[in-house]
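The values are calculated or read from the model by the stated rules, or taken from the named source; none is laboratory data. As the structure is a computational prediction, the values presented were derived from the model and not from experiment. With ideal geometry, Cβ positions are generated from the backbone for all residues, glycine too; neighbour counts draw on all protein chains shown. Side chains included, ligands, DNA and RNA excluded: accessible areas come from the protein's heavy atoms. Shrake-Rupley method; radii C 1.70, N 1.55, O 1.52, S 1.80 Å.
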Amino acid sequence: QVQLVESGGGLVQAGGSLSLSCVASGSIFRVNAMGWYRQAPGKQRELVAAITRGGSTNYADAAQGRFTISRDNTKNVVYLQMNSLKPEDTAVYYCNAEVLELGTYGYSEVWGQGTLVTVAS
């Protein structure tokens with residue numbers, strides 16, 4: 001069984017910064033792509049940023065230029081550095097990963113429990 005645990009959410013003033021972390025643990029053979037999604041109240045979950053195992057990144061337009069995704073493959077950790085935060089960035093942020101578990105032959109998609117980011121105006 002694999003778990004993703006996020007940390008780093010909280011309350012910040014507009015214009016401020018927050019850094020999120022997500023660590024994958026359990027019976028992991030390999031972690032492929034990892035990413036961050038968010039869901040604001042009354043809205044659908046949306047991609048914020050994603051990163052391949054090789055380090056290629058993809059950002060939503062709203063995150064481009066303000067957020068940076070990175071990862072440490074040796075620790076199965078993905079980070080999201082968020083700068084110049086805006087009130088519209090307020091959401092629950094979820095970590096996502098494609099994981100190949102020990103003893104299996106296919107990747108499965110795993111989600112974290114989410115961490116709340118609140119940006120005050």
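What to note about this one:
- Taking every Cα-Cα distance in region 65-121 and sorting them into 10 Å bins starting at zero, the pair-distance distribution P(r) comes out as 18, 42, 26, 11, 2 percent.
- Over region 31-78: Rg over Rh, Cα atoms, Kirkwood Rh: 1.01
- Relative contact order of the chain, pairs being alpha-carbon contacts under 8 Å that are 6 or more residues apart, as %: 36 percent
- For region 43-52, Karplus couplings with θ = phi - 60° (6.51, -1.76, 1.60), whole Hz, Gly/Pro x: 10, 7, 5, 9, 5, 9, 7, 9, 9, 7
- Cα-Cα separations in the chain greater than 17 Å, expressed as whole percent: 52 percent
- Taking the DSSP bridge list for region 6-121 and keeping only pairs wholly inside it, about 90 percent are antiparallel.
- Counting charges near Ala33 (Lys, Arg +1; Asp, Glu -1) among other residues having Cβ under 13 Å from its Cβ returns a value of +1.
- The 3J(HN,Hα) values that the Karplus relation (6.51, -1.76, 1.60; θ = phi - 60°) gives for region 25-35 are, in residue order, 9, x, 7, 9, 8, 7, 10, 8, 5, 10, x Hz. Gly and Pro appear as x.
- For chymotrypsin sites (Phe, Trp or Tyr not before Pro), the sites in region 20-121 that DSSP calls loop and that have at most 16 other Cβ atoms within 10 Å are Tyr105.
- Neighbourhood charge, 13 Å Cβ-Cβ cut-off, centred on Ala62 and excluding it, Lys, Arg +1 and Asp, Glu -1: 0
- In a reduced charge model with +1 at each Lys and Arg Cβ and -1 at each Asp and Glu Cβ, the chain shows a dipole moment near 120 debye about its Cα centre.
- Value in Å of the Kirkwood radius, where region 1-65 supplies the Cα pairs that are averaged: 13.9 Å
- Taking all protein chains into account, the per residue accessible area for the chain stands at 52 Å² (1.4 Å probe).
- Split the accessible area of region 22-121 by element, probe 1.4 Å, and carbon with sulfur accounts for 49%.
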